[in-house]
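The values are calculated or read from the model by the stated rules, or taken from the named source; none is laboratory data. All of these numbers come straight from a predicted model, not from anything done at the bench. Because the Cβ atoms are built from the backbone with ideal geometry, glycine has one as well, and the counts that use them run over all protein chains shown.
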C-alpha cells in the first residue's frame, strides 16, 4: 500500500537499519509484488508504525518494524510503506519460533483459498524467520470498532471455518500448520508442565501464589487428556490461532484484512471463537456483547454446517476450549512474565481467565479446588 514519505520525526523514532534481507532480495520481492519487472530499489528507511493494537499483555513471539522504501518504476518514483516481522533467533542463528513458516505459508499458499483478505506478501525467508508484507493504512483502531465491525469479524470467522470444515486431510499437505491436539500435543503438555514447575519454584508472580492456584495448574497438566478429549471429537478446520480485533485491520471504508497468522493451525473451530471472545473481554469494551458474538457465530455456522451444536454440547466445548487455552498458552506465558507486567493486567486476567478456568475445572473435571 502506498504511503507518503515518512517524516524525519518518524525516522528518528525507529532508527534501526540492520535489515535481515539484502537489497537484491527485497527488490526481487517488490518486482513480484508490484508486477514491475523493471522496478529499481532506491533506498530503504526505517518507518515508525502507528500502534493500533489495544492494550494487552505483550507478546514476544516476533518483533515488528516499519520500513519505507523508495522505488522507481518506468521513470516514476514513489514510496511504499512495508512491515518487517522477525522471529527471535538464538545466538547460534536458530529461529526460535514458527512465525516464518506459518505466516509465510499462509500468505504464499493459502491466501488464494481464504474467504477473507490478508496483507500482500512482498518477500520472506521462513528458514531465517522473517517476512515483509504491505503496511495497511486508513484504519479504524479496535477501540473504535462498531457493532457492525464486530459482527463482520464473526461472520468472516465462520466463513473461514466453513471453507475448511472437515478438511484435515487436505490441510495436512501444509506441514507448517500447527497441530495443537495432534502432532504438537505432547510437546505442548510438556512445555506446560515445565511452566507450572517454574511458577511454583520461583513464585515470581506473588498474586498467583496460592495453594488453590498451584493445585489448579498442576491438575490442568495431569488431566490434559480429559481436557483435549471433547475437542478432538470435533471436526477440524483451519484456525487463525490469534483471531481478535488486534489482528484484524478495519479500514474506514472497505473489507477487513486479517493478519498475524503466526499461530495458524488445524483444529476445532471453537478454539478460534473462544479466543476471540475471551481476548475481547479482557482487552476491549465491545459494543456488541460477547454473548451476542457467540450467538451470531452459532447462527452463521448452523446456516453453513449441519448438524448444529445443541446448547449442552456447545457449553461443554466452550469450557474445554477455555481450559485448553489456559493449559497450552497461558501457563507458559505466565512463567515468563515479569511481576511488574503481570501487576498491570492482574485484575482483568483473573476476572476473564483465571476464575472462569477454576470454575470450568470444577464443573467439567469433577475437581473441588481448595481456596
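Quick notes
- Residue in the range 168-175 that is under 29 Å from residue 284 (Cα atoms), in contact (Cβ under 8 Å) with a residue 40 or more places away in the chain and assigned to a helix (DSSP H, G or I) present: no
Condition check ((1) assigned to a strand (DSSP E or B); (2) surrounded by 20 or more Cβ atoms within 10 Å (Cβ to Cβ); (3) more than 18 Å from the chain's Cα centre (by Cα); (4) modelled with pLDDT under 95) across all residues:
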| position | (1), (2), (3), (4) |
| --- | --- |
| 127 | no, no, yes, yes |
| 133 | yes, yes, no, no |
| 137 | no, no, yes, yes |
| 148 | no, no, yes, no |
| 151 | no, no, yes, no |
| 154 | no, yes, no, no |
| 157 | no, yes, no, no |
| 160 | no, yes, no, no |
| 166 | no, no, yes, no |
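- Residue in the range 337-360 that is more than 20 Å from residue 195 (Cβ to Cβ) and outside any helix (DSSP H, G or I) present: no
- Residue match in the range 334-344 (condition: buried (at least 22 other Cβ atoms within 10 Å of the Cβ) and more than 22 Å from residue 51 (Cα to Cα)): yes
- One residue alone among 285, 299 is farther than 30 Å from residue 129 by Cβ and either modelled with pLDDT of 95 or more or crowded, with 18+ Cβ neighbours inside 10 Å (or both), and that residue is 299.
- Checking 193, 153, 183 one by one, the residue that is assigned by TED's automatic domain parsing to the domain that holds residue 255 and under 26 Å from residue 355 (Cα atoms) is 193 and no other.
- Condition broken by residue 278, with the remaining ones in (1) touching a helix residue (DSSP H, G or I) at 6+ places or on another chain (Cβ under 7 Å); (2) closer than 20 Å to residue 148 by Cβ; (3) crowded, with 17+ Cβ neighbours inside 10 Å satisfied: (2)
- Of everything listed in (1) crowded, with 20+ Cβ neighbours inside 10 Å; (2) over 14 Å from the mean Cα position of the chain (by Cα), the single unmet condition for residue 273 is (2).
- Residue ID - modelled with the lowest pLDDT, chosen from residues in the range 18-52 that are farther than 17 Å from residue 135 by Cβ and in a loop (DSSP other than H, G, I, E, B): 18
- Pick from the range 191-229, criterion under 30 Å from residue 170 (Cβ atoms) and more than 23 Å from the chain's Cα centre (by Cα), ranking: surrounded by the fewest Cβ atoms within 10 Å (Cβ to Cβ): 225
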